[in-house]
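The values are calculated or read from the model by the stated rules, or taken from the named source; none is laboratory data. Please read these numbers as outputs of a predicted model, since none were measured by experiment. Heads up, the Cβs are rebuilt from the backbone with ideal geometry, glycines too, and the neighbour counts pull from every protein chain shown. Ligands, DNA and RNA are stripped out before the accessible areas are found, and what is left, the full protein with its side chains, is counted by its heavy atoms. Shrake-Rupley method; radii C 1.70, N 1.55, O 1.52, S 1.80 Å.
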Amino acid sequence: MMRQMFLVLMGAVAVGGGFAGGAEAATSYLGSSNGSFGTVNTNTGVFTSIGITQPFFDIATLNKTTGYGVTEGGGLFEIDLATAGTTFIGNTGRLINGLGFDDSGNLFGTGDGSLFSLDLGTGAASVVGSGVGALFSSSGDIAYDGSQFFATSTDGPDDSLWSIDATTGVCTRIGNIEFTNVYGLTYQDSTLFGYTSSGNILTIDTTTGLVINAADVTGLGSQIFGAAPIVSRTY
């Protein structure tokens, strides 16, 4: 359930509607609990369906045409972003609920207290470093900002925002998001967007974790399980 009001550093969060006066509009891919796959405009909140996939725990986008999804059982799939058609790649051998690419086309995942590097040819997952720490428990997504991953964690009554070094796996807690079940994250146009399972679009302050703006996704009709940015990469 979306919180109707709480205080941030400069005042109350704007809830409902679009992001007038906030971040510039971006378009993200969303995956849901019943396999509905499509796009959402962060300004209008309107979901546009592309097709039906497996119910992925999370999704990630490699380039303009190709995405990836991981299932509850750890299966890694390739997704045709134009049709929502999927191709099974292999089993990760891990419980992974967060996926994201760095800027070099390397796929990473999070699950429980670890950051993983995933092989796009086989799906195999390898722990990066020695684990991201006992306090971090992956809530559901990671997003790369050009130098590090942002991640959400369920280490308290609400989700919290963390940063993770993709080389060492070392994580740093940034602060409380004050929303629960933030299962989707995208970093687009220098803005971090979060998506809750109940259908909230959040604009998140990357220095504090606090929510600057909150609005609603319309037209989806099921829980949001993952989000990924539309990217311009061609490789």
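Checking each residue in segment 81-101 for being among the polar types (S, T, N, Q) and touching a Gly at 6+ places or on another chain (Cβ under 9 Å) picks out THR83, THR86, ASN91, THR92, ASN97. Within the bounds of segment 170-188, is there any residue that is more than 21 Å from GLY35 (Cβ to Cβ) and in contact with a Pro (Cβ under 6 Å, 6 or more places away or on another chain)? Among the residues of segment 170-188, at least one is more than 21 Å from GLY35 (Cβ to Cβ) and in contact with a Pro (Cβ under 6 Å, 6 or more places away or on another chain), which makes the answer yes. Filtering segment 30-62 to residues that are open to solvent by 50 Å² or more (accessible area, probe 1.4 Å) and outside any strand (DSSP E or B) leaves ASN34, ASN43, THR44, GLN54, PRO55. When the residues of segment 108-124 are filtered to those that are at pLDDT 95 or above and in a loop (DSSP other than H, G, I, E, B), the one that is least open to solvent (accessible area, probe 1.4 Å) is GLY123.
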